[in-house]
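Inspection log for the structure reproduced underneath, given as structure tokens.
The values are calculated or read from the model by the stated rules, or taken from the named source; none is laboratory data. Keep in mind that this is a model prediction, so the values were computed, not measured. No Cβ is skipped: glycine too gets one built from the backbone with ideal geometry, and neighbour counts run over all protein chains shown. Protein only, heavy atoms only, side chains kept; ligands, DNA and RNA dropped before computing areas. Shrake-Rupley method; radii C 1.70, N 1.55, O 1.52, S 1.80 Å.
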Amino acid sequence: MSKKIFIKTFGCQMNEYDSNRIFDTVNKIGFEKTEILEETDCYLLNTCHIRDKAKEKVYHDIGRIKKTFKNKQKPFVIVAGCVAQAENDEMLKREPYIDLVIGPQAYHKINDKIEEFLDKQKKLEETDFDAEAKFNYLKKIQNKSSKVSSFLTIQEGCDKFCHFCVVPYTRGPEYSRPFQEIVNEAKGLADNGVKEITLLGQNVNAYKNQNFKLSDLILEIEKIQEIKRIRYTTSHPRDMSEDLINVYGVSKKLMPLVHLPVQSGSNKVLKLMNRKHVIEDYIEIYERLRSINPKIEFSSDFIIAYPGEEEEDFNATFELIKNIRFINSFSFIFSPRPGTIASNLKLIDKEISHARLEKVQKQLFEHQISMNKSLENNEIDVLVENKTNESSKFFGRSEYMTSVIFDANDQDVGNIVKVKINNSNQNTLFGECLNKSKQRVA
Ligand code: SAM
Ligand code: SF4
Ligand code: F3S
């Protein structure tokens with residue numbers, strides 16, 4: 001009888017990619033995926049350490065598993081991801097219910113570790129940084145993702161050490177996968193039916209392998225006929241190189257939404273954060289991209305109330321938001337992360353922090369709402385991803401990643417269709433498909 005694994009994923013898209021690849025791997029030793037917690041033999045929690053009480057959330061989650069299995073055979077419990085990396089064997093000491101702690105660059109060892117545990121019943125911890133070994137192993141295991149829109153990790157880790165961020169500690173130094181290995185994986189995804197690929201990395205535009213850069217990868221993947229759209233995330237302003245900017249002038253498949261985290265609109269705060277870019281660089285990138293393609297829109301990440309942020313610094317962030325009119329951005333109050341340089345700095349008063357966040361979010365949401373409103377009564381291109389639970393309604397995304405709900409047919413899944421937008425709210429566009437396929441009669 002096959003064994004079952006339940007995987008719960010927190011955090012960024014890279015964790016989502018990793019969870020899928022972990023499943024492809026454990027599938028080789030007989031695990032099948034389950035969505036029913038009570039019937040699982042193995043519970044894997046893929047964790048994120050970026051903000052808030054990440055560690056406590058993990059123990060809380062394990063506490064719930066304990067309760068669920070109180071009168072049953074305990075599942076094999078694995079903690080993976082960035083909290084696992086940061087806490088390593090401390091987790092086994094604090095919570096004996098956990099059997100294996102495995103860091104994000106050690107997933108190539110997961111099958112051996114599971115078998116070792118099942119054989120010897122010995123608790124294990126594996127948190128070496130070895131991205132090269134990880135991808136060397138994973139390239140031999142087919143990426144089975146067949147979702148219309150799928151992720152493909154091309155780069156891991158970060159060497160930038162922004163003072164607020166745990167990523168260089170949890171994901172290790174920057175590593176770029178070999179060019180051909182990525183192209184082969186993209187071709188495999190296309191064979192599975194994937195139509196949109198999002199290239200991933202903590203610093204995706206720092207990708208460099210031999211002489212290949214991100215721009216080369218985009219142009220190579222674009223040659224795969226079945227792939228209709230290409231995106232990449234998350235990039236850093238310092239690595240927005242000439243060739244990458246120019247690719248927006250030649251690529252037919254690269255989407256016009258540029259997600260480029262700025263964090264703050266104040267040069268003083270950017271310096272305190274050790275961001276290694278100034279606001280003038282950022283605006284120049286924006287203007288150059290817009291002059292290459294006026295359809296380009298920006299989204300971003302903001303950290304509000306970073307230690308040292310004064311009213312005038314906050315105002316500079318607010319002005320930047322008003323000028324660039326970002327769409328779909330993320331904004332968070334600074335959260336001190338253990339082990340980072342900013343962890344010991346004096347925090348800004350809670351009330352002020354919340355008031356600033358509220359002001360920023362109100363402005364960002366206003367842009368989102370007015371962008372969506374401006375599309376009403378217009379026709380837009382939508383990549384159809386799947387059917388929703390509501391019969392005859394389908395889900396897809398615009399070129400700018402906005403969710404679209406519309407009438408279509410099963411045959412349209414995987415196609416780019418024309419949708420006339422009738423209605424909208426902050427997060428979603430609603431419309432009707434103008435060129436839907438004929439419904440096949442069974
Ligand atoms: N590499 C990307 C960059 O350079 O902007 C960001 C990657 S990070 C996983 C995603 C986002 O989390 C960051 O852009 C930042 O806004 C947010 N973040 C990271 N550390 C944070 C902290 N300590 N407090 C609040 N937000 C944080
Ligand atoms: Fe974190 Fe991004 Fe800074 Fe790297 S560049 S330390 S991932 S915020
Ligand atoms: Fe979180 Fe690690 Fe991603 S800390 S955001 S899961 S790189």
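Computed quantities for the displayed model
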| item | result |
| --- | --- |
| Filter pass, Val194 being of a type in the set (A, V, I, L, M) and in a helix (DSSP H, G or I) | no |
| Inter-residue pairs, beta-carbon under 7 Å, first on the phi > 0 side of the Ramachandran plot and in the range 22-46, second open to solvent by 30 Å² or more (accessible area, probe 1.4 Å), 6+ apart | Gly30/Ser2; Gly30/Lys3 |
| Options Glu226, Glu242: the member that is touching a Lys or Arg at 6+ places or on another chain (Cβ under 8 Å), open to solvent by 20 Å² or more (accessible area, probe 1.4 Å) and away from ligand 2 (no atom under 16 Å from the Cβ) | Glu226 |
| The listed residue being over 24 Å from the mean Cα position of the chain (by Cα) and among the aliphatic types (A, V, I, L, M), out of Leu289, Leu347 | Leu347 |
| Segments classed as helices (runs of 4 or more DSSP H), wholly inside the range 203-290, with at least 1 members that are under 30 Å from Glu311 (Cα atoms) | 267-273 |
| Looking only at the range 137-159, and only at residues there that are open to solvent by 10 Å² or more (accessible area, probe 1.4 Å) and in contact with a Pro (Cβ under 7 Å, 6 or more places away or on another chain), the one that is farthest from Ile29 (Cα to Cα) | Asp159 |
| Condition check for Glu185: in the same structural domain as Phe212 (by TED's automatic domain parsing), within 16 Å of ligand 1 (Cβ to nearest atom) and among the acidic types (Asp, Glu) | no |
| Tabulated pairs, the range 270-287, first closer than 17 Å to Ser235 by Cβ, second of a type in the set (Phe, Trp, Tyr) and modelled with pLDDT of 95 or more, C-beta under 7 angstrom, 6+ apart or interchain | Met273/Phe164; Met273/Tyr306; Tyr286/Phe298 |
| Options Asp216, Asp191: the member that is closer than 23 Å to Gly157 by Cβ, modelled with pLDDT of 95 or more and either open to solvent by 30 Å² or more (accessible area, probe 1.4 Å) or assigned by TED's automatic domain parsing to the domain that holds Ser335 (or both) | Asp216 |
| Any pair with Cβ under 9 angstrom, 6 or more apart, that starts in the range 93-111 at a residue that is assigned by TED's automatic domain parsing to the domain that holds Asn15 and ends at one that is open to solvent by 30 Å² or more (accessible area, probe 1.4 Å) and part of a strand (DSSP E or B) | Leu100/Glu125; Val101/Glu125; Ile102/Glu125; Gly103/Glu125; Gln105/Tyr175 |
| Hits in the range 308-338 (condition: assigned to a loop (DSSP other than H, G, I, E, B), within 11 Å of ligand 1 (Cβ to nearest atom) and surrounded by fewer than 18 Cβ atoms within 10 Å (Cβ to Cβ)) | Ser335, Pro336, Pro338 |
| Those residues of the range 2-21 which are open to solvent by 40 Å² or more (accessible area, probe 1.4 Å) and either closer than 18 Å to Val166 by Cβ or in contact (Cβ under 8 Å) with a residue 60 or more places away in the chain (or both), in sequence order | Thr9, Phe10, Gly11, Cys12, Gln13, Glu16, Asn20 |
| Positions within the range 160-184 being more than 16 Å from ligand 3 (Cβ to nearest atom) and surrounded by fewer than 22 Cβ atoms within 10 Å (Cβ to Cβ), in sequence order | Pro178, Phe179, Gln180, Glu181, Val183, Asn184 |
